[in-house]
Protein chains: 2
Amino acid sequence: MKMSKAEQKQQTMQKLIEVAREMFSRQGYADAAMEDIVKQAGVTRGALYHNFGSKEGLFEAVLASVQQEIGERVEAEAAKSEDLWQQLILGCLAFVSSAVEHRNKRILLIDGPSVIGWETWRRMDEENSMRHLREQLQMMQEQGYLRPVSIDALTHLLSGAMNEAVLWISETPDHEKSLEEISAAMTLLLEGYRTK
Amino acid sequence: MKMSKAEQKQQTMQKLIEVAREMFSRQGYADAAMEDIVKQAGVTRGALYHNFGSKEGLFEAVLASVQQEIGERVEAEAAKSEDLWQQLILGCLAFVSSAVEHRNKRILLIDGPSVIGWETWRRMDEENSMRHLREQLQMMQEQGYLRPVSIDALTHLLSGAMNEAVLWISETPDHEKSLEEISAAMTLLLEGYRTK
DNA sequence: TACTTTACATACATACTGTATGTATGTTAA
DNA sequence: TTAACATACATACAGTATGTATGTAAAGTA
């Protein structure tokens, strides 16, 4: 079976991202060796550096795929309701449920900001889950569901709260129970901003 | 002037921690070379490895001093009021104001969890700012100031919200303005849990 | 078909952490 | 007081990981 160069490139990149995602999740960025990644992906260091330029470049590509995946799930879940409040709750819950997964958690929340820097991390996040959150809040405020408050500030507070919630949940023995506790606490938290 | 071994050890350790704190803040953990740290501290690699065992060991010592410093400021600020609600607000504000400082932010919030792992990071945090927060919330709930909600979950939500707030504030051009916005948003956020 | 470009392999240079060994100074106990 | 010992630290070296320079074979192009 013959393959075009573009297809071939695409394939090796995807394979490398897959393998790296697993490695970064298991051992963390610092302890994952490029040598091991390429070996397991069935290519050589040449392919990796040709396609991603550096270890950071590879990580950024992995992070992007993680964020995109989560973003899609959040949006899909939120779209299940017509009510703005319900959408917000559903979206938040979907984010926490997705991010807590082993193949996402560490890359997204622990190594992400440290490896590529918080500013870059935030820029990338902005194009995925955070943008949806901000737009949702903006809309809710414009339609009078939310008290007057800085949407930027609120967005970051909620985002930060959820990120930490994810890490906490993943450390507790009973994920289901802690997820329910977070869910209840998040609902009350949002009540503070509610007007109708 | 002669020095006892204990005094000498104390002095070199403190000097190394000081220098490392600056380096880790400026360049981040990964880009700070041990060689440069010991050079600037006026000792050799021998001293560093003798006292801290590894690069991670040094970082952990630096992080501990950061956390302790912030913890003390939070406690001192909260103690300025008798009212439990006021104490909570003052403490939160003190945490954000302290953590946002350049010599604290990156070590505490960005590199911390990644370098030593989130579990260890949380254990260390527990002995400083987070413990105070939890105890405060516990007390408030017992005295009927707070709705029934999992204190563990709430503690982490608040802690995470504040951590992200710190990072956001430090990126905005006008720190003072964004701190006020966060302050207002935090107050509303807490309102959701208030009963009296 | 001649050539160019590209995707990748391989060998090597560089840099950094950590260790093994040596030394001088402080401490302690007979 | 001094001899035996512990400790704080210096130095040289080894191991490992990232990144680069160069080579090659196959696909694309004129």
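Looking at region B:8-18, is at least one residue away from DNA strand C (no atom under 11 Å from the Cβ), among the aliphatic types (A, V, I, L, M), at pLDDT 95 or above and in contact with a helix residue (DSSP H, G or I) (Cβ under 9 Å, 6 or more places away or on another chain)? Write out each step before concluding.
If we filter region B:8-18 for residues that are away from DNA strand C (no atom under 11 Å from the Cβ), which is where we start, we get B:10-18.
This time we only want the ones that are among the aliphatic types (A, V, I, L, M), so: B:13, B:16-17.
Going one step further and asking which of them are at pLDDT 95 or above, we end up with B:17.
Those left that are additionally in contact with a helix residue (DSSP H, G or I) (Cβ under 9 Å, 6 or more places away or on another chain): B:17.
Yes, region B:8-18 has at least one match.
Is it true that residue A:150 is at the interface with chain B (Cβ under 8 Å from one of its Cβ atoms) and under 22 Å from residue A:195 (Cβ atoms)? Lay out the reasoning, then the answer.
Values: at the interface with chain B (Cβ under 8 Å from one of its Cβ atoms): yes; under 22 Å from residue A:195 (Cβ atoms): yes.
Yes, satisfied.
Taking the stated definitions as given, is residue B:22 more than 14 Å from chain A (Cβ to nearest Cβ), away from DNA strand D (no atom under 13 Å from the Cβ) and over 14 Å from residue B:116 (Cβ atoms)?
Yes; evaluated as a whole, the condition is true for this residue.
Among the candidates A:32, A:47, A:99, A:6, single out the residue that is of a type in the set (A, V, I, L, M) and in the same structural domain as residue A:177 (by TED's automatic domain parsing).
That would be A:99, the only listed residue that is of a type in the set (A, V, I, L, M) and in the same structural domain as residue A:177 (by TED's automatic domain parsing).
Residues that are within 24 Å of residue A:195 (Cβ to Cβ) and loosely packed, with under 15 Cβ neighbours inside 10 Å: does region A:90-112 have at least one?
Within region A:90-112 (the criterion being within 24 Å of residue A:195 (Cβ to Cβ) and loosely packed, with under 15 Cβ neighbours inside 10 Å), the answer is no, since none of the residues qualifies.
Pick out the one residue from B:135, B:171, B:191, B:180 that is free of Cβ contacts under 8 Å to residues at least 60 places away in the same chain, under 21 Å from residue B:24 (Cα atoms) and among the charged types (D, E, K, R).
From the options B:135, B:171, B:191, B:180, the qualifying one is B:171.
Restricting attention to region A:154-178, report how many residues are touching a Ser or Thr at 6+ places or on another chain (Cβ under 7 Å) and aliphatic (A, V, I, L, M).
Within region A:154-178, residues that are touching a Ser or Thr at 6+ places or on another chain (Cβ under 7 Å) and aliphatic (A, V, I, L, M) number 1.
Looking only at region A:71-82, how many residues end up being open to solvent by less than 30 Å² (accessible area, probe 1.4 Å) and either within 16 Å of DNA strand C (Cβ to nearest atom) or more than 18 Å from residue A:113 (Cα to Cα) (or both)?
3
Going through region A:137-196 one residue at a time, which ones are acidic (Asp, Glu) and modelled with pLDDT of 95 or more? Show your work before the answer.
At the first step, the residues of region A:137-196 found to be acidic (Asp, Glu) are A:142, A:152, A:164, A:171, A:174, A:176, A:180-181, A:191.
Listed by number, the residues that qualify are A:142, A:152, A:164, A:171, A:174, A:176, A:180, A:181.
For the subset of region B:35-70 comprising residues that are touching a residue at least 40 places away in the same chain (Cβ under 8 Å) and of a type outside the set (A, V, I, L, M), which member is farthest from DNA strand C (Cβ to nearest atom)?
B:68
Please go through region A:155-176 and pick out each residue that is over 21 Å from residue B:186 (Cβ atoms) and either facing chain B (nearest Cβ under 9 Å) or crowded, with 18+ Cβ neighbours inside 10 Å (or both).
The answer is A:169, A:170, A:171, A:172.
Quick one: count up the residues across region A:46-91 that are within 16 Å of DNA strand D (Cβ to nearest atom), part of a helix (DSSP H, G or I) and not hydrophobic (A, V, I, L, M, F, W, C).
Residues flagged as within 16 Å of DNA strand D (Cβ to nearest atom), part of a helix (DSSP H, G or I) and not hydrophobic (A, V, I, L, M, F, W, C) within region A:46-91 amount to 8.
Restrict the check to region B:24-47 and report whether at least one residue is open to solvent by 60 Å² or more (accessible area, probe 1.4 Å) and under 30 Å from residue B:137 (Cα atoms). Please lay out each step first, then the result.
Keep residues of region B:24-47 that are open to solvent by 60 Å² or more (accessible area, probe 1.4 Å), which gives B:26-27, B:30-31, B:35-36, B:39-40, B:42, B:44-45.
Next, from what is left, pick out any that are under 30 Å from residue B:137 (Cα atoms): none.
Within region B:24-47 (the criterion being open to solvent by 60 Å² or more (accessible area, probe 1.4 Å) and under 30 Å from residue B:137 (Cα atoms)), the answer is no, since none of the residues qualifies.
Test residue B:112 against the stated conditions and say whether it is in contact with a helix residue (DSSP H, G or I) (Cβ under 9 Å, 6 or more places away or on another chain), more than 18 Å from residue A:169 (Cα to Cα), within 12 Å of chain A (Cβ to nearest Cβ) and part of a helix (DSSP H, G or I).
So residue B:112 passes the test.
Any idea which of B:187, B:195 is open to solvent by 10 Å² or more (accessible area, probe 1.4 Å) and within 14 Å of residue B:87 (Cα to Cα)? Walk me through it before giving the result.
Numbers: B:195 fails: within 14 Å of residue B:87 (Cα to Cα).
That would be B:187, the only listed residue that is open to solvent by 10 Å² or more (accessible area, probe 1.4 Å) and within 14 Å of residue B:87 (Cα to Cα).
Look through region A:25-45, keep the residues that are in a helix (DSSP H, G or I) and within 14 Å of another protein chain (Cβ to nearest Cβ), and return whichever of them is nearest to DNA strand D (Cβ to nearest atom).
Taking the candidates together, the pick is A:27.
Quick check on region A:177-196: of everything there that is more than 8 Å from chain B (Cβ to nearest Cβ) and part of a helix (DSSP H, G or I), which residue is farthest from residue A:90 (Cα to Cα)?
Across region A:177-196, the extreme among qualifying residues is A:177.
The values are calculated or read from the model by the stated rules, or taken from the named source; none is laboratory data. Since the structure is predicted, the reported quantities are computational estimates derived from the model, not experimental observations. Positions of Cβ are backbone-derived with ideal geometry, glycine not excepted, and every protein chain shown enters the neighbour counts. All accessible areas refer to the heavy atoms of the entire protein, side chains included, with ligands and DNA or RNA removed. Shrake-Rupley method; radii C 1.70, N 1.55, O 1.52, S 1.80 Å.
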